[in-house]
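Here's the structure we're looking at; comments come further down.
The values are calculated or read from the model by the stated rules, or taken from the named source; none is laboratory data. None of the values given here were measured: they were computed from a predicted structure. When we count neighbours, we look across all protein chains shown, and the Cβ atoms used for this are built from the backbone with ideal geometry, even at glycine. For accessibility, only protein heavy atoms count, side chains too; no ligands or nucleic acids. Shrake-Rupley method; radii C 1.70, N 1.55, O 1.52, S 1.80 Å.
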Amino acid sequence: MTLLFELKSVVHLSDVGQDSKIRLGNLIDKFQNAGWLHFQQIRTQLPPLDSKLLYFVVSQSVRIRATLSLGDPITIQSFITDANRHKITRLVEIRDQAEQLIASQLEDAFVVNNESRRIAKLPVDYPITSMVDSTKHLGFHRDRIDIPVNKNQTRTDFRILPRDIDNYGHMNNARYLDFVDETVDHLKQISINYLKPAKLGMTLDYLRTKINHSVYYTVSNGSNVMSKIWLELK
């Protein structure tokens with residue numbers, strides 16, 4: 001089985017803002033696209049799964065070393081670093097032409113039943129561990145984000161549109177970062193906890209809290225907290 005997935009790409013005009021630097025949501029898209037393509041490749045080499053079972057991402061942690069700009073050629077590599085019947089951990093790395101690490105993402109997901117929306121598990125004999133790259137072992141981490149109490153807060157909201165929805169019927173994870181104020185070149189690290197799937201037509205409320213070099217977002221729909229985001233500033 002092919003363990004390493006590698007994708008050659010470039011920073012396109014559609015990825016950048018007016019400053020020609022990659023937008024935060026589009027950086028996350030780069031990670032997600034490579035991870036999704038990698039998983040589709042793996043699935044062709046494994047027994048078919050029950051169509052009701054899918055992976056729900058519960059956390060992402062992104063480290064940024066340099067900012068990508070329009071036209072920059074990049075190589076994206078994806079690895080499965082840990083897996084069992086209940087969950088999976090994936091590492092995706094973006095490198096420049098000199099193979100220097102630009103940014104990396106560690107992502108954790110649980111197996112869920114798409115009909116019941118409950119945590120599920122794969123069959124006992126499913127050979128999921130065969131997809132793990134032993135040279136890149138990183139276990140399940142899921143950093144829990146606790147939003148500190150602070151009066152320095154601002155609030156904004158937006159309505160989820162059809163263009164925000166992914167193949168699984170909920171809002172694409174990268175879209176969460178389209179609505180934060182910070183830009184990639186001001187960030188060292190991003191951590192996100194996904195708590196509940198956001199659906200078409202929902203209005204999401206963003207409560208921003210800034211404390212020293214950290215910015216926190218609580219993303220809610222009414223009384224339901226959908227996601228928590230922590231940004232570490234440079």
Per the list (1) exposed (fewer than 14 other Cβ atoms within 10 Å of the Cβ); (2) under 19 Å from the mean Cα position of the chain (by Cα), residue check on Val16 breaks on (1)
Given the structure, is Lys87 in contact (Cβ under 8 Å) with a residue 24 or more places away in the chain, of a type outside the set (S, T, N, Q) and farther than 30 Å from Val124 by Cβ?
no
Among residues belonging to segment 86-100 that are under 18 Å from the mean Cα position of the chain (by Cα) and open to solvent by 10 Å² or more (accessible area, probe 1.4 Å), point out the one that is farthest from Phe5 (Cα to Cα).
Lys87
Of (1) of a type in the set (D, E, K, R); (2) at pLDDT 85 or above; (3) touching a strand residue (DSSP E or B) at 6+ places or on another chain (Cβ under 9 Å); (4) in a loop (DSSP other than H, G, I, E, B), Asp125 satisfies all except one. Which?
(3)
Exactly one of Val124, Val112, Val132 is open to solvent by 60 Å² or more (accessible area, probe 1.4 Å) and among the β-branched types (Val, Ile, Thr), and that one is Val124
Number of positions in segment 48-71 that are open to solvent by 50 Å² or more (accessible area, probe 1.4 Å) and touching a strand residue (DSSP E or B) at 6+ places or on another chain (Cβ under 7 Å)
4
Inside segment 163-183, can you point out the residues that are closer than 10 Å to Leu200 by Cβ and either in contact with a helix residue (DSSP H, G or I) (Cβ under 6 Å, 6 or more places away or on another chain) or of a type in the set (Val, Ile, Thr) (or both)?
Asp164, Ile165, Met171
Condition set in a strand (DSSP E or B) and among the charged types (D, E, K, R), scope segment 181-234, selection modelled with the lowest pLDDT: answer is Lys210
Glu93, sole failed condition from (1) in contact with a helix residue (DSSP H, G or I) (Cβ under 7 Å, 6 or more places away or on another chain); (2) in a strand (DSSP E or B):
(1)
Identify, please: which residue in segment 40-82 is in a helix (DSSP H, G or I) and free of Cβ contacts under 8 Å to residues at least 40 places away in the same chain and is, among those, nearest to Val180 (Cα to Cα)?
Gln40
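Rundown of residues vs (1) touching a residue at least 40 places away in the same chain (Cβ under 8 Å); (2) surrounded by fewer than 19 Cβ atoms within 10 Å (Cβ to Cβ); (3) within 21 Å of Leu27 (Cα to Cα), yes/no style:
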| residue | (1), (2), (3) |
| --- | --- |
| His137 | yes, yes, no |
| Asp157 | yes, yes, no |
| Tyr168 | yes, yes, yes |
| Tyr176 | yes, no, yes |
| Val180 | yes, no, yes |
| Leu187 | yes, no, yes |
| Ile190 | yes, no, yes |
| Asn212 | no, yes, no |
Go through the residues of segment 1-21 one by one and say whether even a single one is assigned to a strand (DSSP E or B), within 23 Å of Gly139 (Cα to Cα) and not hydrophobic (A, V, I, L, M, F, W, C).
yes
